[in-house]
Each structure stands twice: as structure tokens, then as C-alpha cells.
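One structure is given below, encoded as C-alpha cells.
We did not get these values from a lab; they are worked out from the coordinates using the rules stated. Please read these numbers as outputs of a predicted model, since none were measured by experiment. All Cβ positions, glycine included, derive from the backbone under ideal geometry; neighbour counts span all protein chains shown.
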Amino acid sequence: MEEPAEVRIGRGQRLAEAFREDLELYGVAELEERLEMLQAEAARVKAQIDRKRAGRAAADALFSPRAE
């Protein structure tokens with residue numbers, strides 16, 4: 001008997017599932033903790049965006065034609 005194949009979770013699927021959770025089930029302390037985690041994740045995402053933009057700007061500067 002074969003074991004079932006591992007289910008692959010798509011990019012962003014867990015985040016999308018978190019958005020659909022019923023917040024009514026959480027207490028105030030749990031909601032505050034959740035908000036802190038979401039704010040930390042937002043800061044992490046913004047930092048990654050900044051790194052990617054900086055990398056792109058460096059690549060553009062390196063590979064763009066130079067004016068003489």
C-alpha cells in the first residue's frame with residue numbers, strides 16, 4: 001500500500017488561510033499578539049522589498065549604457 005503523496009502548499013496559501021480565520025474566536029490578548037506578529041511580518045516584507053529594489057538599482061547602474 002502506497003502512502004499518499006505529500007500535499008504541496010502554494011505560495012501565500014497559509015497567509016490567505018489566516019485572513020479567513022474567524023477572529024471572533026480569539027481573546028483580546030490573542031488578537032494583540034496576532035497583530036504584533038502581522039506588524040513584524042509587514043516590516044520583514046518591506047525590508048525585503050527595499051533589498052530587492054537596491055539590488056535592481058545596482059544591476060541597472062551596472063548594465064545601463066554609460067553616457068560619454
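Here are some notes:
- Full-stretch length increase - residue 43, residue 31 - with 0.36 nm per residue and alpha-carbon distance subtracted: 2.5 nm
- Folded to 0 to 90 degrees: helix 28-63 orientation relative to the chain principal axis, Cα: 20 degrees
- Look at where the Cα atoms of segment 46-66 and of segment 1-39 average out, and the two centres are 33 Å apart.
- The structure-derived value of Rg and Dmax of the Cα atoms in Å appears in the list (1) 17.3, 63; (2) 11.2, 29; (3) 20.7, 71 under the label (3).
- For segment 27-68, the Cβ-based charge dipole about the Cα centre amounts to some 360 debye (Lys, Arg positive; Asp, Glu negative; other atoms uncharged).
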